[in-house]
Amino acid sequence: MAKRDSKLAGKIDINMTPMIDVVFQLLTFFMLTIKTVVEEGDFNIRMPLGASAGAAEDNPIPPIIVKMTASPEGRLTGVAMGQKKVVGDDVLGELASADAMLQAAAAGTGSDKAKRIAAAKRARETAAKQLEQAIQARILETFGNDLSQAELTELELDCDPGLEYAHVISAINAASGISEGGQIVPLIQKIKFSPPKKQK
């Protein structure tokens, strides 16, 4: 019986070249076939400048300031543009009741929980739509028939800390465009946030 050579048995070379070729081909394939996703929302929003940042650009038209106040729980308690209220207490009450309905439906149990959540969401969407329409009506009232001035105007959102994010997005959606006959008519394209206020 022939004796096996122990030196040859312990040495096995693995050729890595084919594996590296396959990895690079896969990498190239995925790089060339990737589809970039369109960014959600295309808002021209400027965040507040820090203390060390330079001066803001001059804008001859003064900004429209929308003040949104919130309760300690984050619920919307008021919306004002300039010194005038944009929405009445009825819309704010509908938003608050829809939020309470949604919380109660989410915390509840039973076979109709999904139906109650869906109904609460519909009520909240209806109230949010009324809020958006009120903001749009006030902006259209400001500019009248000359919407070309809206493109040059800047909207400044002054929101209380802790305000629910959904209300901020509703205000941005309302100010940036209005839907007419399936087409979006742009309104204010320059939107910025007020610098945060110091806590007392």
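Some notes on this structure:
- Among residues of segment 125-149 being acidic (D, E) and over 15 Å from the mean Cα position of the chain (by Cα), the one that is farthest from V86 (Cα to Cα) is D146.
- Considering L152, L157, L187, the condition of being over 15 Å from the mean Cα position of the chain (by Cα), more than 18 Å from T126 (Cα to Cα) and surrounded by 16 or more Cβ atoms within 10 Å (Cβ to Cβ) is satisfied by L187 alone.
- Hits in segment 175-196 - residues which are among the charged types (D, E, K, R) and touching a residue at least 12 places away in the same chain (Cβ under 8 Å): K190, K192
- Wholly within segment 134-200, strands (runs of 3 or more DSSP E) carrying at least 3 residues that are touching a His at 6+ places or on another chain (Cβ under 7 Å) and at pLDDT below 85: none
The values are calculated or read from the model by the stated rules, or taken from the named source; none is laboratory data. All values derive from a computational prediction rather than experimental measurement. Because the Cβ atoms are built from the backbone with ideal geometry, glycine has one as well, and the counts that use them run over all protein chains shown.
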